[in-house]
Each structure stands twice: as C-alpha cells, then as structure tokens.
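Peer 1: After the structure tokens below, expect a handful of questions from me.
The values are calculated or read from the model by the stated rules, or taken from the named source; none is laboratory data. This is a predicted model, so every value here is computed, not measured. Methodologically, a virtual Cβ is constructed for each residue, glycine included, from the backbone with ideal geometry; neighbour enumeration extends over all protein chains shown. The area values use the complete protein model at the heavy-atom level, side chains included, leaving out ligands, DNA and RNA. Shrake-Rupley method; radii C 1.70, N 1.55, O 1.52, S 1.80 Å.
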Amino acid sequence: QVQLVESGGGLVQAGGSLRLSCATSGRTFSNYNMGWFRQAPGKEREFVAAIRRIGGSTDYVDSVKGRFTISTDNAKSTMYLQMNSLKPEDTAVYYCAAGSYYGIVRSAYDYWGQGTQVTVSS
C-alpha cells in the first residue's frame, strides 16, 4: 500500500503561482510512476501531468504545457507540481496518483490522494 497526501492548494489571482506537493508513505516511492489529475465542478477527472519512475520523462495535457512542471524528490518521497501563470480555468481539485504502470489515464494508477483545492480568481 502507498499513502498519498496532497498539500499546497489555495486561492490565487490569475497570473499567480502555486506549488502542490504530494507526500507519500508506505512502499518505496521510486518504485512508482506518478501523476497529477484534476477535477473541476461538474466535470470528469482529467489528466494533468505524469512522470516516469525510470528516466524521469514527463507528459502534460496541452492546456498546461509551458506553465506547469512536474517533479519528484526521491529522498523526500515527494512529488511536486509547480503551477505558474495560473488561469481561472485551472480551478479544480487536484489529485496525485501512483501506479506500477505509466500512463495519462486514470486506470494506470493504483493509489490516489484525497485532493487539494486550487481556486484561481479572475
């Protein structure tokens, strides 16, 4: 089992920045591929970013490319999502996820955090 806890969400004005953290515990952090998803009110949970456990390559949804950066710190068993130039349409609950397989779909991930709210005001 892997436990994931997100933090760092909040209220920010458009154009601002936030850094989300996903602290993990349980099994070895470096054994897992990691991802961020988000869910806005009334919408499906969507992929945001992912990072491979081997090699560290990354993928992003088109709407956040150039603005968001996913990273990991294996020594701290923590994943981050640096979000810059935030827009009102980025408002959502953000979830971190861990899985044995890599992917941009929800089914690739086995473990989920409880989510952290990000609200971007215009």
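Peer 1: Can you figure out the FRET efficiency of Asn31 with Ser121, using R₀ = 41 Å and their beta-carbon distance, to the nearest 0.05?
Peer 2: The calculated FRET efficiency here is 0.60.
Peer 1: Next up: Relative contact order for the chain using alpha-carbon pairs under 8 Å, separation at least 6, rounded to a whole percent?
Peer 2: Reported as a whole number, the value is 36 percent.
Peer 1: Check cross-link reach from Lys76 to the aspartates and glutamates: straight Cα distance under 15 Å, and skip same-chain residues fewer than eight apart.
Peer 2: Output for Lys76: Glu6.
Peer 1: Okay, next question. In a Debye calculation with equal point scatterers on the alpha-carbon sites of the range 1-108 and no solvent, what is log10 I(q)/I(0) at q = 0.14, 0.21 Å⁻¹?
Peer 2: Normalising to I(0) and taking log10 leaves -0.51, -1.15.
Peer 1: How large is the accessible surface per residue of the range 1-93, computed with a 1.4 Å probe and reported in Å² as a whole number?
Peer 2: Result: 51 Å² per residue.
Peer 1: Give a residue-ordered list of calculated ³J(HN,Hα) values for the range 57-70 (Karplus: 6.51 cos²θ - 1.76 cosθ + 1.60, θ = phi - 60°; whole Hz; x for Gly, Pro).
Peer 2: Couplings: 5, 10, 9, 9, 5, 4, 5, 10, 4, x, 10, 10, 9, 9 Hz.
Peer 1: Here's another thing I want to ask about it. Where the only charges are on Cβ atoms (+1 Lys, Arg; -1 Asp, Glu), what is the dipole of the chain about its Cα centre, to the nearest 20 debye?
Peer 2: Charge dipole, the chain, about its Cα centre: 140 debye, nearest 20.
Peer 1: If I stretch the segment between Glu89 and Ile54 completely, what's the gain in nm (0.36 nm per residue apart, minus their alpha carbon distance), one decimal?
Peer 2: This chain segment gains 9.4 nm when fully extended.
Peer 1: Which lysines does Lys43 reach when only Cα atoms under 22 Å apart count, and residues fewer than 8 places away in its own chain are ignored?
Peer 2: Qualifying lysines at Cα under 22 Å: Lys65, Lys87.
Peer 1: Rounded to the nearest percent, how much of the accessible area of the chain (1.4 Å probe, protein heavy atoms only) is carbon and sulfur?
Peer 2: Within the chain, the accessible surface is 46 percent carbon and sulfur.
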